[in-house]
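The values are calculated or read from the model by the stated rules, or taken from the named source; none is laboratory data. All values derive from a computational prediction rather than experimental measurement. Every residue, glycine among them, receives a Cβ derived from its backbone with ideal geometry; neighbour counts consider all protein chains shown. These accessible areas exclude ligands, DNA and RNA; they are computed on the full protein's heavy atoms, side chains included. Shrake-Rupley method; radii C 1.70, N 1.55, O 1.52, S 1.80 Å.
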Amino acid sequence: MAARLREYGYTVRTQTVRITGGRTSQNVIAEKAGTAPGVVVVGGHMDSKPPSPGGNDNASGVGVTLELARCLALSKGLVPTVRFIGFGAEEIAGSNPDDHHFGARQYVASLSASERARIKAMVSIDMVGYGSTFNIRTMRIGPMTAVGALQSWGRYTGQPLPFLKDPGRFGWSDHEAFEHVGIPVAWLEWRNDPVYHTARDTASHVTPDRVRRTGRLMRGWLLNLTPTELGALRR
């Protein structure tokens, strides 16, 4: 992911992510500067769960993140600063069901109070390559402004985004850590995928149309965010 972002002209930094058992992963971070003082984080986790090759979970989300970075690289007049992050180690590692989302949790923990305040929204793009229903999700413990903004854009563009609560005690995607500190979040997911976390989650399993529709939704929303709308995400 880092090499591709550099190919698109971005300055890339990495952040070491420590996992249980003394292992490490990394977060990959790049950003496109905007004209307004506010950041929208867009990203997806780069790992999968053996024996899965990770086609939908989550090469689909990483692919959308990278394509957004490519599309926005040369854009003029982008309002938000868009921070692209490939998160390391999202999947459960070990026997404790809370040992997961290491990359996102450590990233959020590394931010100062002022850095957190600059983030107006975070969108997790996770499992967007297969399914019949395009859902927008949160744990519903934080502000719902990002959900409302994306749903509004979806209605405008003809892409429904019905809300579905994330039922996980700890959250089921990388939005979790951001939501816990009060940052407006949204997890985009196509459902249901009967083969995720299995050996059948290959590249051929991914439906290009689902990936394309996710990317178009996000690209349009980001490019059309006004300063007022960006500010309204988090007051």
Can you list, largest first and rounded to whole Å, the semi-axes you get for the range 1-129 by taking the square root of 5 times each eigenvalue of its Cα gyration tensor? 25, 18, 12
Calculate the length of the line joining the C-alpha centroid of the range 117-139 to that of the range 1-48, in whole Å. 17
By the gyration tensor of its Cα atoms, with a ≥ b ≥ c the square roots of the eigenvalues, what is the shape of the range 149-229: rounded for a/c under 1.5, prolate for a/b over b/c, or oblate? oblate
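If contacts are Cα pairs under 8 angstrom and at least 6 residues apart, what is the relative contact order of the chain in percent?
26
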For D201, other-chain or 5+-apart residues with amide H closer than 5 Å (H placed, Pro excluded) are G54
Tell me which residues come under 5 Å, amide H to amide H, from G34 once H is placed; ignore anything under 5 positions away on its chain. T81, V82
Let me check the size of the range 31-70 from its C-alpha atoms; what are the radius of gyration and Dmax in Å? 13.2, 44
Cα-Cα pairs of the range 1-52 separated by more than 18 Å (percent): 48
Apply the Karplus curve 6.51 cos²θ - 1.76 cosθ + 1.60, θ = phi - 60°, to the phi angles in the range 160-177 and return the couplings in whole Hz, x for Gly and Pro. x, 9, x, 7, 9, 5, 5, x, x, 4, 10, x, 10, 8, 6, 5, 3, 5
Phi angles of the range 135-141, converted by Karplus (6.51 cos²θ - 1.76 cosθ + 1.60, θ = phi - 60°) into ³J(HN,Hα) in whole Hz with x for Gly and Pro, give 9, 10, 9, 8, 7, 6, 10
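Please report the carbon-and-sulfur percent of the accessible area for the range 23-81; probe 1.4 Å, protein heavy atoms only, DNA, RNA and ligands left out.
Values: 1250 of 2240 Å².
For the range 23-81, the apolar C and S fraction of the accessible surface comes to 56 percent.
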Expected-Rg normalisation [2.2 N^0.38 Å, Cα atoms] applied to the chain: 0.93
Would you look at the GNM of the chain, springs on alpha carbons closer than 10 Å, and say which of D98, D174, D126 moves the most? D98
Net charge near R234, counting Lys/Arg +1 and Asp/Glu -1 over other residues with Cβ under 11 Å of its Cβ? +4
Taking θ as phi - 60°, what are the ³J(HN,Hα) couplings along the range 101-115 by the Karplus curve (6.51, -1.76, 1.60), each to the nearest whole Hz, with x for Gly and Pro? 6, 4, x, 5, 5, 6, 5, 4, 5, 7, 7, 6, 4, 5, 5
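Can you pull out the trypsin sites (Lys or Arg not before Pro) in the range 34-130 whose DSSP state is coil and whose Cβ has at most 14 other Cβ atoms within 10 Å? Please report the intermediate quantities before stating the final value.
Values: sites: R70, K76, R83, R105, R116, R118, K120; in loops: K76.
Answer in residue order: K76.
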